[in-house]
Amino acid sequence: MDYKVADLSLATFGRKELTLAEHEMPGLMEMRRRYGASQPLKGARIAGSLHMTIQTGVLIETLTALGADVRWATCNIFSTQDHAAAAVVVGNGTVDAPAGTPVFAWKGESLAEYWDEAEKVFQFKDSEGNPIGPNMILDDGGDITLLVHKGTEFEKAGAVPGQDSTDNEEYKEVLRVLARSLENDATYWTNIGAGIKGVTEETTTGVLRLYDRFKDGSLLFPAINVNDSVTKSKFDNKYGCRHSLIDGINRGTDVMIAGKTAVICGYGDVGKGSAESLRGQGARVIVTEIDPICALQAAMDGYEVKRLESVVDFADIFITTTGNFDIIRVEHFQRMKNQAIVGNIGHFDNEIDMAGLAKIEGIVKDEIKPQVHQWIFPDGKKIIVLSEGRLLNLGNATGHPSFVMSNSFTNQVLAQIEIFTKLEEYPIGVYVLPKHLDEEVARLHLDAIGVELTELTQAQADYLGVPVEGPFKSDHYRY
Ligand code: NAI
């Protein structure tokens, strides 16, 4: 088995935490009970790219328990939990003879390593050991989906642009990896793309990329937007971030949050959870927004809503949650006070202009510990940046807890089964799971936290015009 992780000897610790997590992931464990015997994913070769955490380990082992062959990379250079990666690789084998799932991920990859490992999830072998592509993708943020699409486009055009065609350090690595595959096989990505039945996408940012491709006609296969299951975005993005944002700030800085002024840029699902996370600690929270609806929501939830420019001089903590780019820029860094803390919890690092920060004349980057740096300005002012501008809840802490990820990942498993077993119902397009499955995911998580669900009488159901067993809401209901 090929794999690349930090240290296989961490597998015992990883297995103990995986076992703890299983108890907190009732949705995934029910998937194993319900579908373990019928093996709906038998024959599926899933190329996966999603933060290689303990919770993801339980997801991977659920997919394999349902019959899938899986190869896995992380979707962020800092988010891997090395003991989780080790345990998934070892599986029920030993450190000397691992028998689990190939994982290509470790905490603290370089960008070049990240894209090299991302490509490896496509390298399955058939029973005779011949190379064969995956037939499913499970993605978070769309990076491996991008490899297939860009690779296919460049192959059609007959060439990959040189790395000097872009200033973007990350995209240079994408071009390098694609140029290498094109050199070896002029139709490598075209063939991979043709073999893929579909992709299930985890996050807001990846979903945006899929809708863009569908709109411009370049989407190669159907996609299920897992993010917009209610039991994903209204839970993981919100309650997950409420838990893991302060976890990241605490582990990174251990600064007292109570009494500080914190700015949350963006008041979508992630912003709502993040603002509550800091308010819960006693911070004075100020929100920035571009959308009048979300701005009004923030105001009526009791937050001040201001422009960044109005508060940048005196706030202590700045967190971006927008999924947009160029939110905190050099002119903001210049005006921040000494020891201000800056971090991002959105998917990509371009919310904060890290490249611009590094170019300030005379600035010095001083590492306090991995993923925590102080940037020292020529006048001695220091700004603390977490996870180099990448999502800090996974870079400085361990991401969302198992219970909320069980909701997200049960959606992932159902979405994989949907596309793999009912492809004819999914012509190329971007879909959300049907509401009855969304309600089912929630239902699977009620017992564990002692929820008593009231049942409709037939007369009440008739009065509302819904079935007694649901779905209970129309598709346009917003929760
Ligand atoms: P969303 O679309 O619900 O919220 C983003 C908000 O930012 C919107 O309300 C938008 O109006 C606002 N916004 C956009 N540009 C802005 C600007 N220039 N200034 C102020 N506000 C602005 O998206 P969601 O679901 O909250 O996700 C946000 C990001 O977080 C995405 O990149 C997503 O992929 C990522 N994410 C990260 C997670 C984590 O664990 N770190 C978990 C889930 C999502």
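Rule-based calculations on the coordinates, nothing more; no lab input. Predicted model, so just to flag it, every value in this text is computed and none were measured. As a convention, Cβ positions derive from the backbone with ideal geometry for all residues, glycine included, and neighbour counts pool all protein chains shown.
In what sequence do Tyr188, Tyr267, Tyr211 fall when counting other Cβ within 10 Å, fewest first?
Least to most surrounded, the residues fall as Tyr211, Tyr188, Tyr267.
Give me Val305, Val372, Val413, Val70 ranked fewest to most by other Cβ atoms within 10 Å of their Cβ, as a rough exposure proxy.
Ascending Cβ contact count within 10 Å gives the list Val305, Val372, Val70, Val413.
Where in the range 291-322 does the label zone of Lys337 land, with the point 7 angstrom along Cα→C-beta and an amide N cut-off under 15 Å?
Backbone N within reach: 310-318.
At 0.36 nm per residue, minus the direct Cα-Cα distance, what do Asn250 and Asn168 gain on full extension? Give it in nm, one decimal, please.
26.4 nm
For a footprinting-style exposure proxy, rank Val5, Val432 by other Cβ within 10 Å, fewest first.
Neighbour counts put them in this order, fewest first: Val432, Val5.
What list of ³J(HN,Hα) values in whole Hz, one per residue of the range 91-99 in order, does the Karplus curve 6.51 cos²θ - 1.76 cosθ + 1.60 (θ = phi - 60°) give from phi, with Gly and Pro shown as x?
Couplings: x, 9, x, 10, 4, 7, 10, x, 9 Hz.
Can you give me the orientation-averaged projected area of the convex hull built on the Cα atoms of the range 56-145, in nm²?
6.2 nm²
Calculate, in nm to one decimal, what His476 and Thr94 gain on full extension: separation in residues at 0.36 nm each, minus their alpha carbon distance.
132.5 nm
Quick one: length gained pulling Leu111 to Glu304 fully straight, 0.36 nm per residue minus the C-alpha distance?
65.7 nm
Seen from all sides and averaged, what is the projected area of the convex hull of the Cα atoms in the range 1-118, in nm²?
6.7 nm²
Based only on the alpha carbon positions, what is the Kirkwood hydrodynamic radius of the range 146-285, in angstrom?
Evaluated on the range 146-285, it is 18.0 Å.
Given points 7 Å out from each Cα along the Cα-Cβ axis, report the Phe325 to Thr19 separation in nanometres with one decimal.
Label at Phe325, label at Thr19, 4.6 nm between them.
Quick one: compute the contact order of the range 241-396, relative version, from alpha carbon pairs under 8 angstrom and 6+ residues apart, as a percent.
23 percent
Using amide H atoms built 1.01 Å from N in the peptide plane, name the residues 5+ places from Ala73, or on other chains, whose amide H lies under 5 Å from its own.
Long-range HN contacts for Ala73: Gly48, Ser49, Leu50, Phe104.
Over all distinct alpha-carbon pairs, what is the Kirkwood Rh of the range 395-445 in angstrom?
Mean inverse Cα-Cα distance, inverted, gives 12.5 Å.
Residues with amide H under 5 Å of Ala340's amide H, sequence separation 5 or more or different chain, H placed in the peptide plane at 1.01 Å from N; which?
Amide H to amide H, under 5 Å and 5 or more residues apart or across chains, Ala340 pairs with Ile384.
Can you tell me what the convex hull of the Cα atoms of the chain projects to on average, as an area in nm²?
Mean projected area of the Cα convex hull: 24.4 nm².
Go ahead and estimate [θ] at 222 nm for the chain from helices alone: -39,500 (n - 2.57) per DSSP H run with n ≥ 4, summed, over the residue count, rounded to 500.
-12000 deg cm²/dmol
Would you mind giving the three semi-axes, in whole Å and largest first, of the ellipsoid equivalent to the range 326-378 according to its Cα gyration tensor?
17, 14, 11
Based on the alpha carbon coordinates of the range 241-396, what radius of gyration and maximum Cα-Cα distance (Dmax) apply, in Å?
Every Cα atom of the range 241-396 included, Rg and Dmax give 14.1, 43 Å.
With respect to the cross-link table entries Lys4/Lys150; Lys125/Lys197; Lys107/Lys197; Lys120/Lys382; Lys107/Lys365, which display a Cα-Cα separation exceeding 29 Å?
Beyond 29 Å: Lys107/Lys197; Lys120/Lys382.
Mind listing the phi-derived Karplus ³J(HN,Hα) values for the range 326-337, rounded to whole Hz, using 6.51, -1.76 and 1.60 with θ = phi - 60°, and x for any glycine or proline?
For the range 326-337, the Karplus curve yields 6, 7, 9, 10, 4, 5, 6, 3, 4, 8, 5, 7 Hz.
Hey, got the dipole for the chain? About the Cα centre, +1 on K and R Cβ, -1 on D and E Cβ, debye to the nearest 20?
In total the dipole reaches around 540 debye.
Quick one: Karplus J couplings for the range 423-434, per residue in order, coefficients 6.51, -1.76, 1.60, θ = phi - 60°, nearest Hz, x for Gly and Pro?
Running phi through 6.51 cos²θ - 1.76 cosθ + 1.60 with θ = phi - 60° gives 3, 4, 7, 10, x, 3, x, 10, 10, 10, 5, x Hz.
Give me the one-decimal nm value for the distance between modelled label points at Ile293 and Val466, 7 Å along each residue's Cα-to-Cβ direction.
Those two pseudo-labels are separated by 2.0 nm.
Tell me, what is the FRET efficiency for Ala194 and Asp7 to the nearest 0.05, using R0 = 41 angstrom and their Cβ-Cβ distance as r?
Computed FRET efficiency for Ala194 and Asp7: 0.60.
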